[in-house]
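Below: one structure, written as structure tokens.
The values are calculated or read from the model by the stated rules, or taken from the named source; none is laboratory data. Note that the coordinates shown come from a computational prediction; the quantities given were computed from them, not determined experimentally. Methodologically, a virtual Cβ is constructed for each residue, glycine included, from the backbone with ideal geometry; neighbour enumeration extends over all protein chains shown.
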Amino acid sequence: MTRIDELVDAVQESTPNVGDSSAGPHGVDEGATTSIYLPPFRIDVTARPGIPHVVSRHKVAIAVRAALEAAGAPGPASIGVVLSADSELAELNGLHMGSSGATDVLSFPFFPPEAFPEHDRAGEPQRDPWVAAALKQAFALPPGLRAHLGDIIVSVERAIAQADEGRGGQTGDVSWTAVEELLLLSVHGTLHICGWDHADPVEEAGMRALERRVLASVVDAARG
């Protein structure tokens, strides 16, 4: 999306298509994108046609926003979330990751880790201060414009299967609902957008702990 598109989008209402023959059982067109504004972020949630309904797009957006805030993501900014199936994840996994088969979530960040606050990882962090300074300027956009942080694609099919089989929680040993698994995958993918990874044990432990805190805050808020 260009900056001109962002400017136009910033003054438009977020209105999903409802009421026509292509609308799904929850009143939102399958395949349509719903832009949900949770300041300072805009979360664009797309559900591919035929994807099972597990949780509302708004709840997904709330979880993503909570993860962005926890990771210290700069705003105003936007992020895309696509709810899809194993087949698309498998294709993207092979194309971009060089791996065969489906996976549960993939993240495509538009900014390097230097754009986000530092966090614990093994060894000395390799951060270029000049890059960090330049990235701060990249977020100094005119009023009404927002930087796009990246895109996440989640396999709803895989989330349901992992929850049903007690292989959830990213550690593969958590038994809970498909709703919790889908929200966790959304949080996990968002943290990847924000520069988190699990390549080394120190950072992985920090990432898992942050995921649990974010998910707990989202679930508690929903219950309240």
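Annotations for the structure displayed:
- Leading residue by the ranking (farthest from residue 119 (Cα to Cα)) among those in the range 177-213 that are among the β-branched types (Val, Ile, Thr) and crowded, with 23+ Cβ neighbours inside 10 Å: 187
- Test result for residue 64, among the hydrophobic types (A, V, I, L, M, F, W, C) and modelled with pLDDT of 70 or more: yes
- Scanning the range 173-196 for residues being free of Cβ contacts under 8 Å to residues at least 24 places away in the same chain and either over 23 Å from residue 53 (Cβ atoms) or part of a helix (DSSP H, G or I) (or both) gives a total of 2.
- Options 15, 46, 2, 34: the member that is over 28 Å from residue 197 (Cβ atoms), modelled with pLDDT of 95 or more and of a type outside the set (Phe, Trp, Tyr): 34
- The set of residues from the range 85-109 being out of contact with any Asp or Glu (no Cβ under 8 Å at 6 or more places or on another chain) and either closer than 12 Å to residue 192 by Cα or not in a helix (DSSP H, G or I) (or both) comprises 98, 99, 100, 101, 103, 104, 105, 106, 109.
- Members of the range 189-220 found to be acidic (Asp, Glu) and closer than 18 Å to residue 81 by Cβ, listed by number: 211
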